[in-house]
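To start, the structure itself, in structure tokens.
None of the figures in this text is laboratory data; all of them are computed from the coordinates on show. What you see is a predicted model, and the numbers here were worked out from it, not measured in a lab. Here the Cβ is made from the backbone with ideal geometry for all residues, glycine too, and neighbour counts use every protein chain on show.
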Amino acid sequence: MSNYQSKVIKKYEKLGYYVINLVKTNRNGIPDLLCLKKGEVPLFVECKGPGDTIKPLQEYRVRELKGLGFDAIFDVYKK
């Protein structure tokens, strides 16, 4: 887990989410984190730290998850 991803986890935990790091899944390109909060739609977060790039399969998965009714975003490092 990257240092940036750890910061993203802490950010969402402070917002009251239960955060799960999806280390290994049966689908390639699934976002890094699943953030759950009672009464809210599950949120998938793909973390992109310094030098990381968004890959086409990751873009596809985010669109796919949104199409299924979930929230899915990219959390990209900004200086």
* Sorted by Cβ density within 10 Å, fewest first, the residues I30, I54 -> I54, I30
* On the first, second and third principal axes, largest extent first, how far apart are the outermost C-alpha atoms of the chain in Å? -> 35, 27, 23
* Structure fact -> Mean Cβ-within-10 Å packing, highest first, puts peptides 18-26, 60-68, 39-47 in the order 39-47, 60-68, 18-26
* Considering only lysines 8 or more places apart in sequence, or on different chains, count the pairs in the chain whose C-alpha atoms sit under 15 Å apart. => 11
